[in-house]
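Colleague: This is the structure I want to talk about, given as structure tokens.
Read-outs throughout are calculated quantities, based only on the coordinates presented, and are distinct from any laboratory measurement. Just so we're clear, the structure is a prediction, and the values are computed from it rather than from any experiment. Neighbour counts run over all protein chains shown; Cβ positions are idealised from the backbone, glycine included.
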Amino acid sequence: MSDTPAMADTRVPAELELMDLLGYIYLQHGRPDKAAVLLAARDVLAPDDTRTLLSLALAQVRSAKPARAIDTLDRLALLGAMDAPFHLVRAQALHALGRSDEAAGAMRAYVSMRATPNTATAATHAAGLAARS
């Protein structure tokens, strides 16, 4: 049976979901380097996915690459995805870089946004991940 375009269209999202799941598992089990590699590959396959970029930034922070995380977060900011989890991961990255004043500002933004009710975003799951680090 050959792959038709219709079959390829249904398979690709499943493959991307598997990559998301593996990235999450790697993060939860203390393998942020593997998560970062996998999520970077996932970003190449489907660029500018806000959930992937936030997870990638978190993996970069946890694998001691905060400067890369800031670059990834800058991409998210350009996409307009500056929700509460974004600010939490940004605070962690800035703190790791020794930029305490900026980190405090990002944490204030996180607390402020978290306190106001908002609709669910594609990156909401990362807040739980980031809070555990």
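Colleague: So if each residue of separation counts as 0.36 nm, and I subtract the Cα-Cα distance between Asp101 and Gln28, what length gain in nm does that give? Before the final figure, lay out the partial values.
Modeller: Values: separation 73, 0.36 × 73 = 26.28 nm, distance 2.88 nm.
Computed gain between Asp101 and Gln28 is 23.4 nm.
Colleague: A further question on this structure: Calculate the spin-label point distance for Arg114 paired with Ala77, positioning each point 7 Å from the Cα along the beta-carbon direction, and give it in nanometres.
Modeller: For Ala77 paired with Arg114, the spin-label model returns 2.1 nm.
Colleague: For Ala41 and Glu17, calculate 0.36 nm times their separation in residues minus their Cα-Cα distance, and state this gained length in nm to one decimal.
Modeller: Numbers: separation 24, 0.36 × 24 = 8.64 nm, distance 1.27 nm.
7.4 nm is the gain from fully extending Ala41 to Glu17.
Colleague: Let me ask something else. Considering only the other residues whose Cβ falls under 12 Å of the Cβ of His95, what net charge follows from Lys and Arg at +1 and Asp and Glu at -1? Mind showing how you got there, number by number?
Modeller: Numbers: positive: Arg90, Arg99; negative: Asp101, Glu102.
For residues surrounding His95, the net value is 0.
Colleague: What ranking do Thr72, Thr52 get, fewest neighbouring Cβ atoms within 10 angstrom at the top?
Modeller: Working: Thr72 27, Thr52 24.
Lowest to highest Cβ neighbour count: Thr52, Thr72.
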